[in-house]
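Q: Submitted below is the structure of interest, expressed as structure tokens.
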Amino acid sequence: QVQLVESGGGLVQAGGSLRLSCVASETLFSASRMGWYRQAPGKQRELVAGIELGDKTNYADSVKGRFTISRDNAKNTVYLQMNSLKAEDTAVYYCYVVFGLMERPYWGQGTQVTVSS
């Protein structure tokens, strides 16, 4: 089974930046979709950013212009560059990968991002 390991979370001040990484145990060349969700205390998990084969991307309206998702298939890694962080970005961020349209997604264990105001 596929293992996903996230890193890069931490504590930053509002306006700062973080770069999250998600390393997969399997090649991502054939992955149909991958990206990041987040879940804040007392809130539902929400899609932050996704990227498909061919590098087509989509973002939550709340992060457009501030976050950038990218992938490096050679390194089996998905990245999330987060700039101009706000207190409301505080959440646990989860990486996911889907290899087929009707296959279940694989999830990482999550990495905590805390933005102080």
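Since every read-out is calculated from the coordinates, none of them should be taken as a lab result. Remember, predicted model here, so these are calculated numbers, not experimental data. Because the Cβ atoms are built from the backbone with ideal geometry, glycine has one as well, and the counts that use them run over all protein chains shown.
Q: If you average the sequence gap of Cα pairs under 8 Å that are 6 or more apart and divide by the length of the chain, what percent do you get for the contact order?
A: Value for the chain: 36 percent.
Q: When we measure straight from the Cα of K86, which lysines land under 24 angstrom away, once same-chain ones fewer than 8 places off are left out?
A: In chain and number order, the partners are K43, K64.
Q: With springs only between Cα atoms under 10 Å apart, run a GNM on the chain and tell me which of G65, G35, G50 wobbles the most.
A: Fluctuation is largest for G65.
Q: So, one more: If the elastic network links every pair of Cα atoms under 10 Å, which of A49, A31, A74 fluctuates the most in the Gaussian network model of the chain?
A: Checking each option, the largest mean-square fluctuation is seen for A74.
Q: Report the net charge of residues surrounding L80, where surrounding means a beta-carbon distance below 12 angstrom and charges are Lys +1, Arg +1, Asp -1, Glu -1.
A: After counting each charged neighbour, the total is +2.
Q: What is the P(r) of the chain, as percent of Cα-Cα pairs per 5 Å bin from 0?
A: 2, 13, 24, 26, 19, 10, 5, 1, 0
Q: Where the only charges are on Cβ atoms (+1 Lys, Arg; -1 Asp, Glu), what is the dipole of the chain about its Cα centre, to the nearest 20 debye?
A: Using Cβ point charges on Lys, Arg, Asp and Glu, the chain gives about 140 debye.
Q: Another question, then. Of the residues T90, T68, T27, which exhibits the maximal mean-square fluctuation in a Gaussian network model of the chain defined by a 10 Å Cα contact cut-off?
A: Between T90, T68, T27, it is T27 that shows the largest mean-square fluctuation.
Q: Same structure again: How much FRET efficiency would the formula 1/(1 + (r/R0)^6) give for S62 and S7, where r is the Cβ-Cβ distance and R0 is 30 Å, rounded to 0.05?
A: The calculated FRET efficiency here is 0.85.
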